[in-house]
Amino acid sequence: MSRTARLLLAIFALSAPAFSQDPPAAERGSIVEDRAARKLLQAGDARLELGENEKALEVWESVIERYPRSPVRFDAHLRLADHLLKELREFDKARVHYEAAAGEDNPDDELRAYAFLQTGTCHYEAGRYGACFKVMREVIEKFPASSQVNEAYYYIGLGHFKQGHYSRAIEALEKVGTALSDQDSKIEKVEAGKRLYIKIDDKDFAILEPGQQVEVSCETKNGDKETVMCDPVGRQAKLTLGSIVTNLGTATPGNGNLEVRGGDAITVTYVDAHTADKSFDTPRSKQVFVVGNGNARVTDGSYQHDLQAAVLGKPLHLQVTDADHDTTAEPDTLEATVQVYRRKTEDEIDEEIAERVANGELEEAPEGETLKDRIDPLKLVRSMPVTLRESEDSGVFRISVPLQPGSGVPNAVHAEPGEVVRLVYLDKVNLGEGPLTRTAEAKVIEGNLGEMRVTKTEISDEELELKTRLRTASALTQVGNHYKEFGLDEKAQLKYDEALLVCEGILDGARGVGGKLLEETYVQLWRIYFAMDELDLALAMSRRLQAEFPTSAFVDEAMLQQAHVERKRESYTRAISLYSSLSKLQNSELRGEGQFYVGECYEQMALKAPAQQSERLFEQAFLAYQAVYESFPESGRVGDAVAKMASFYYQKEDYARAVDVFENVLADYPDANFLDVILFNYGRCLYKLGRKAEARRKFDQLINDFPESEIAPEAKKIVDALKKATSAAP
């Protein structure tokens with residue numbers, strides 16, 4: 001049986017109802033099963049330590065398959081999910097395992113909260129913000145005392161920011177880490193390579209005209225200078241929010257990116273037109289320090305995977321990432337230490353306990369703990385300083401040193417089997433308050449992990465080189481997308497051209513390798529073509545993917561992209577057919593998306609159709625949105641679909657029914673995409689029903705909560721008219 005088949009079987013075993021005649025106690029699984037499952041889980045861990053990642057995944061899958069009643073299976077699900085999400089970036093495959101670990105049959109609430117949060121993270125990374133919001137709200141509701149609540153609000157805020165819903169983004173982000181807010185206000189830092197967010201609070205912004213922006217200057221100590229346009233957001237329009245990407249590199253003023261160096265500082269300046277002391281055009285500045293959060297790793301020869309085991313006689317590959325040490329345009333260096341530890345003997349542990357008890361360092365251990373539990377079982381036997389060199393202008397520092405038994409080999413780390421080598425790096429400057437020690441370690445073993453896994457220091461293998469270039473194409477495409485988001489179309493096109501050049505250059509090689517590499521190359525090509533608006537090429541590439549890889553996990557995404565192409569061309573009948581087919585794919589998470597877009601297609605057709613056809617098409621759109629609510633309740637599109645249904649009730653002048661639906665949407669779907677439209681139509685319905693005071697409150701809420709909305713100015717006109725009518729009344 002194939003690994004995929006085993007995984008599907010395991011998932012079925014978890015989801016299918018139990019028809020066994022066994023007594024209830026058997027549902028839990030036995031202690032013997034738990035021990036066997038734990039042993040198998042540890043065997044998978046050992047495979048990972050040896051760098052045999054695929055074998056490790058297979059072993060963890062077998063835990064789920066063989067022991068479907070043991071709670072140990074949840075640990076296996078989480079190990080699989082974390083590897084798929086963090087190492088392989090396969091969001092949908094990872095989500096399946098997180099969802100299994102988040103089930104109510106998992107007795108560990110802490111693991112469930114983590115699994116729920118990571119399920120939402122998978123949706124966020126895949127760009128499905130509606131589904132992300134739904135899951136993150138569940139985290140907040142089901143685990144209110146969990147540390148995951150902060151992260152849930154964080155992802156809700158980021159999702160809204162990505163969609164341009166700035167007021168809701170701020171509302172969510174304001175709830176993140178309230179215990180750290182005082183600290184954050186005192187320590188102004190940004191991590192190099194991350195986006196710098198700028199928030200300005202000024203009551204004067206209330207008088208800004210719709211669409212008017214606030215200009216902010218960002219200048220680095222190393223010579224870069226960029227202008228950021230901030231948009232008014234939030235309640236009472238007192239806030240503006242803007243952002244700019246920071247990159248490690250040589251300063252190029254005016255290019256839309258803020259190039260920084262280690263130890264850099266960014267001066268953010270805003271001109272306050274009218275201050276409280278009645279002065280004018282006063283510059284307000286804030287200095288933000290650029291820092292890097294250090295990270296230490298012991299890796300394989302390609303520096304892609306962490307290792308928990310190091311082989312004697314082979315090179316030891318060490319890496320530290322820290323932007324603080326990227327201070328020049330040339331490759332920089334960084335100092336660290338390699339330490340070797342051995343396990344203490346029982347006599348040494350007893351002697352240490354006696355000495356520390358006599359000195360008063362150790363007191364009686366609490367119940368369930370022994371004094372031995374407080375003793376570090378490892379003893380330092382030797383230490384060696386190392387100088388890591390920056391691999392590129394990237395803040396990533398690497399070194400390869402021999403790992404040898406005994407002594408006598410110069411510039412080598414000397415260790416014996418069973419000992420532990422530890423990379424130790426002092427991260428003096430980071431996002432925290434003080435220095436932190438970053439470490440990574442590996443157990444020393446004898447044997448051979450295989451040349452390709454451990455000893456390879458350069459990319460010479462064809463498949464590995466192709467994968468590296470494919471990741472480069474993906475990164476270039478993402479940069480292009482960011483430029484496009486900010487309206488920098490020319491810069492975006494340049495990045496897309498670079499990505500296309502790289503991706504087309506590996507196509508022949510990918511065909512030679514075949515399998516997953518070719519599949520992912522097709523996916524990347526269609527994404528580039530679609531971003532470039534080369535719709536014919538995008539359509540052809542997604543169809544090729546479906547033809548050559550009919551069981552691909554990307555088939556539903558390809559079908560969705562094809563439908564988007566047809567819709568963009570106004571070929572609505574063809575688009576509806578594709579969206580409908582997508583909604584019928586039983587194992588696809590995009591089924592609700594497909595059904596929702598069916599409704600949007602009918603709605604767009606209705607707006608363009610003659611009057612005699614328009615009403616029938618609107619009815620079909622209504623039924624399509626209703627199907628989202630009834631057939632896909634887990635979809636992140638439910639709130640949007642219900643909002644659309646309410647708008648139809650308004651158009652039919654069924655105001656009372658529309659008000660009921662609007663009220664439910666506002667209460668149950670706080671992250672729906674059309675809340676500004678809902679508030680607008682809600683206010684109009686209330687006005688039609690003669691409830692003018694309530695109508696005005698809804699229009700005011702729209703103006704305050706969604707000042708960036710296109711219909712906010714219209715709401716303002718209505719409020720002004722209601723005010724005049726009220727003042728004119730006797």
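Each reported figure results from applying straightforward, stated rules to the coordinates on display, with no laboratory input. What you see is a predicted model; the values in this text were computed from it and never measured. As a convention, Cβ positions derive from the backbone with ideal geometry for all residues, glycine included, and neighbour counts pool all protein chains shown.
Data for the structure
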| read-out | value |
| --- | --- |
| Anisotropy class of region 637-730 from Cα gyration tensor, a/c 1.5 cut | oblate |
| Size descriptor, Kirkwood hydrodynamic radius, that averages inverse alpha-carbon separations across region 251-366, Å | 20.7 |
| Low-density loop positions, GluC sites (Glu not before Pro), region 641-730 - DSSP coil, at most 14 other Cβ in 10 Å | GLU653, GLU710 |
| Percent RCO, i.e. relative contact order, over region 553-632, from Cα pairs under 8 Å lying at least 6 residues apart | 23 |
| Sum of side-chain charges, PRO253 neighbourhood, beta-carbon under 12 Å (Lys, Arg +1; Asp, Glu -1) | -3 |
| Shape call, region 553-632: gyration tensor on alpha carbons, a/c limit 1.5 | oblate |
| Under 5 Å, built H, 5+ apart or other chain: amide partners of GLU259 | ASN247, THR252 |
| Counted charge near LYS724, where neighbours are those whose Cβ lies closer than 14 Å (Asp, Glu -1; Lys, Arg +1) | +4 |
| For region 493-512 versus region 50-64, the gap between their alpha-carbon centres in whole angstrom | 32 |
| Sites matching trypsin sites (Lys or Arg not before Pro) across region 313-400 that sit in DSSP coil, with at most 16 neighbouring C-beta atoms within 10 Å | LYS344 |
| Cubic angstrom per residue, convex hull over Cα atoms of region 466-544 | 71 |
| Region 506-600: C-alpha gyration tensor shape, a/c 1.5 cut-off, then a/b vs b/c | oblate |
